[in-house]
Amino acid sequence: MRFKVSLLQKTRQTFQAVQRLQSTATTAAQQYTWADPARRHYKFWNRETDVTGQYSYLIGISPESLQREARIVALGSDEADEALHQGPLPLGASLLGVGTTVEELQQNVDKTSPNVLFVSPNCPHAATVLPQVLQAFPSIEWVHCRSAGIDFIESEELVQLYTHRLQSPKPLQITNAKGQFSSSLAEYALMACAYFAKNLPLLLQKQQERSWHKYNVEELRHKTMGIVGYGDIGRAVAKLATVYGMRVIALRRHPFLSRDDPYCNVVYGRDQESLHQLMRESDYIVCSAPSTVETRGMVSAEAFQHMKPNAVFINLGRGPVIDETALQNALREGKLKGAALDVFVEEPLSTDSPWWDTPHVLISPHNMDQTATFMHEATEFFLRENLPRFLCGEDLLNPVDPVLGY
Amino acid sequence: MSKTKVDHNLFWNREISSKLAYDANAPIVKEAKIISLSDVNDPSNRPLNNPADGLPQGSRLLAVGGSIEEFDIEMLKREGANTIFVSHPLAREPLDRLLQEIPSIEWIHSRSAGMDFVASPTLASFQGKVTNAKGLYSSTLAEYTIMACSYFAKDLPRLLKNKGAKNWEKYNVLELRGSTLGTVGYGDIGRAVARLAVAYGMKVLALRRRPVPDDLCSVVYGNDKESLSRLFAECDYILCAAPLTAETKGMIGKEQFDVAKSGAVFINVGRGPIVDEDALIEALKDGRLKGAGLDVFATEPLSKSSPLWELDNVLLSPHNMDQTATFTYESTSFFVEENLPRFVRDLPLLNPVDVSAGY
């Protein structure tokens, strides 16, 4: 008898605990809906400020919170996905199969229909394979991309599939790893600014010559930084720039979303004139925009012409957003102080790429966010945050819109 | 440990402190009769030596010169010179002579933050007020410090080598976020660096003579050998931002490098003689230190034969990482606009220096 009572008490306690947790979760979910652009930014996760694992914990203590199963297939894999392959996965989730083509998946995946697709950026020809997989397995309702950029899976077919599914009772949700890499890239951006402010190219040259040559350095303090594309990365850069005492101006599609942002002084919209104004005012320009139909070639030769004569241009978004030839010419002609580029139209750069010989440019092989654990952490984010949310029937974080491209 | 007699509320920081915050209505009670021990050709001294709008009320420039021969000591004694502005690099001897010959001197102001260039027994026993340019260079040096940390975290030496070799080699980088920065000496420079480091998500440990807790630091160590070794053992980046005094000379050497954490980076923006330079070179060569960012050296200019020039893992700058186009000019302006008006009104002077401690 006593045993039964204590068991009942335990269940009631757990139930109440779950109720409390669920109630905070559901009120939060009710307030913010996907479609409202003003609310969209609450769905975005940032590694520095947000806490993970609330739902992971919830499932652990009360399996009643599970609303559905997650039957996962993975497209592409590498050692960073170990946590996914070896588990343990949250209760209710299972990995059905891994592959790089539709055929491989169809072979490995048994009759149970998958509903979740996890895409790794190392999957070859992902843009072609992804729509094929979605068509072969129409039961898939959620695609999670391990990287932040989704340009590698973008295609006409995907857009069509996505738009078509919007009408259906089970729309397709796509999420990514936004906020995962922002702080490393912000560190790189400020380093690149300081690299030119303290004239490291001159310093290193003099060091080679064993020449003690005192010269004036510049401060970042009170200079203006212009950020093209003010998403999570842009914001992380702005946050650091503000601490340095820089003035920050930002450019984004929805300026009103940053109206009360403490890290930027002015926010412009995405018209040509605004971009030119930003180029005119900035001593340091950081381009952190994704590569979409709208942004490709956005920082054009004309935009570069509006730069200050000793401006520094940094690109850590995507190569195709800028006109590379125009920037190369500007650098050769000394039209700006220098550039730092982590991304290129062609990656890897071939040995005969003109970039290697272009003067005044700091070149890095798209690795300035590549810490030893960054991709592992991105997989962890899927396993500990979005997957438990999916299992509990909660809103997923980091939604992307393939029509917009980010 | 000598007891500091300075009031820390009087420390002025270029970024944070208000300008011209003295009570301008307070009556002028005495005249400032100034000797400018400076380079007459240096335009940075113009706010004092050749001001466009004259000096503040109650201040009079008696003489300008770089060596003792250029001064008429009898005239200065007659006039009752009471203030010396010192910025000449070779000022130690002339300053000593002026102090010995002119008893009416009551205030010495240094255009630089470092006092080691004029340190002497005569100065150490000076009974009047001494002030300096503390807080004027801190934010620029803080910018350099964080850049030096990032330079090694993102492995810039490798990056630059790869560009020369046209080699697209993706390698892992380190984040500053989550790493630990230790600062030896937690004055205005140390604090400016800590402010930035905390914004980057670094943990900050400080070592200072008065281990007063600070909101930016996780731990503040006192100035003993054991604490210094602990700092080297616990930190990924170690900054030396201490002044050169009898206590700090040769403070950092083999003993500390032996216990340095694996991958440690050493940055020096204080003074060269605080570090045993030979021990530093050894530690850089055998990998006890991953790298070093050095702006100051035991002898400056650094001799061409020093091994530091050719080490791949050294970022070497010619004591210019605070040398903005305007910094010395701003420092002279600080003397003219902030401390002179305070002196003539007998208000507390900013940036007091404890000559017995040497900083």
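The values are calculated or read from the model by the stated rules, or taken from the named source; none is laboratory data. Please read all numbers here as calculations on a predicted model, not as lab measurements. Here the Cβ positions follow ideal geometry from the backbone for every residue, glycine too, while neighbour counts run over all protein chains shown.
Details
- Meeting the requirement of 2 or more residues that are acidic (Asp, Glu), the helices (runs of 4 or more DSSP H) wholly within the range A:259-344 are A:272-281.
- Qualifying residue in the range B:136-144 (condition: more than 23 Å from B:Pro211 (Cα to Cα) and touching a strand residue (DSSP E or B) at 6+ places or on another chain (Cβ under 7 Å)): no
- B:Arg210 vs. criteria within 7 Å of another protein chain (Cβ to nearest Cβ) and surrounded by fewer than 22 Cβ atoms within 10 Å (Cβ to Cβ): no
- Of all residues in the range B:16-35, those satisfying the criterion of being among the aliphatic types (A, V, I, L, M) and touching a residue at least 40 places away in the same chain (Cβ under 8 Å) are B:Leu20, B:Ala24, B:Ala26, B:Ile28, B:Val29, B:Ala32, B:Ile34, B:Ile35.
- Subset of the range A:264-295 [β-branched (Val, Ile, Thr) and surrounded by fewer than 18 Cβ atoms within 10 Å (Cβ to Cβ)]: A:Val266, A:Val293
- Restricting the range A:191-232 to residues that are on the phi > 0 side of the Ramachandran plot and out of contact with any strand residue (DSSP E or B) (no Cβ under 9 Å at 6 or more places or on another chain), the residue that is nearest to the other protein chains (Cβ to nearest Cβ) is A:Arg210.
- Any hit, the range A:236-257, residues being among the small types (Gly, Ala, Ser) and assigned to a loop (DSSP other than H, G, I, E, B): yes
- Filter result for B:Ser120 (within 14 Å of chain A (Cβ to nearest Cβ), within 30 Å of B:Ser110 (Cβ to Cβ) and modelled with pLDDT under 95): no
- Of the residues B:Ala246, B:Ala233, the single one that is closer than 22 Å to B:Ala292 by Cα and not aromatic (Phe, Trp, Tyr) is B:Ala233.
- Pairing residues of the range A:189-212 that are under 16 Å from A:Ala340 (Cα atoms) with residues that are polar (S, T, N, Q), at Cβ distances under 7 Å and at least 6 apart in sequence or on separate chains, gives A:Met191/B:Ser150.
- All conditions in (1) in a helix (DSSP H, G or I); (2) of a type in the set (Ser, Thr, Tyr); (3) within 14 Å of chain A (Cβ to nearest Cβ) hold for B:Ser303, with the sole exception of (1).
- Flag for A:Ser350 being within 14 Å of chain B (Cβ to nearest Cβ), surrounded by fewer than 20 Cβ atoms within 10 Å (Cβ to Cβ) and among the small types (Gly, Ala, Ser): yes
- Number of positions in the range B:112-144 that are small (Gly, Ala, Ser), assigned to a helix (DSSP H, G or I) and either touching a helix residue (DSSP H, G or I) at 6+ places or on another chain (Cβ under 7 Å) or closer than 20 Å to A:Gly245 by Cβ (or both): 3
- Residue ranges of helices (runs of 4 or more DSSP H) in the range B:204-287 with at least 1 members of a type in the set (Ser, Thr, Tyr): B:225-234
- Filtering the range A:49-78 to residues that are crowded, with 16+ Cβ neighbours inside 10 Å and not in a loop (DSSP other than H, G, I, E, B) leaves A:Gln54, A:Tyr55, A:Ser56, A:Leu58, A:Ile59, A:Ser65, A:Ala70, A:Arg71, A:Ile72, A:Val73, A:Ala74, A:Leu75.
- Hey, A:Asp369 within 20 Å of B:Ala165 (Cα to Cα), within 14 Å of another protein chain (Cβ to nearest Cβ) and part of a loop (DSSP other than H, G, I, E, B) or not: no
- Selection status of B:Glu93, within 27 Å of B:Gly272 (Cβ to Cβ) and surrounded by fewer than 20 Cβ atoms within 10 Å (Cβ to Cβ): yes
- If the condition is being in contact with a helix residue (DSSP H, G or I) (Cβ under 8 Å, 6 or more places away or on another chain) and either within 11 Å of chain A (Cβ to nearest Cβ) or outside any loop (DSSP other than H, G, I, E, B) (or both), then the range B:170-187 contributes B:Tyr171, B:Val173, B:Leu174, B:Glu175, B:Leu176, B:Arg177, B:Ser179, B:Thr180, B:Leu181, B:Gly182, B:Thr183, B:Val184.
- Unique residue being within 12 Å of chain A (Cβ to nearest Cβ) and at pLDDT 95 or above when the list is B:Leu316, B:Leu280, B:Leu289: B:Leu316
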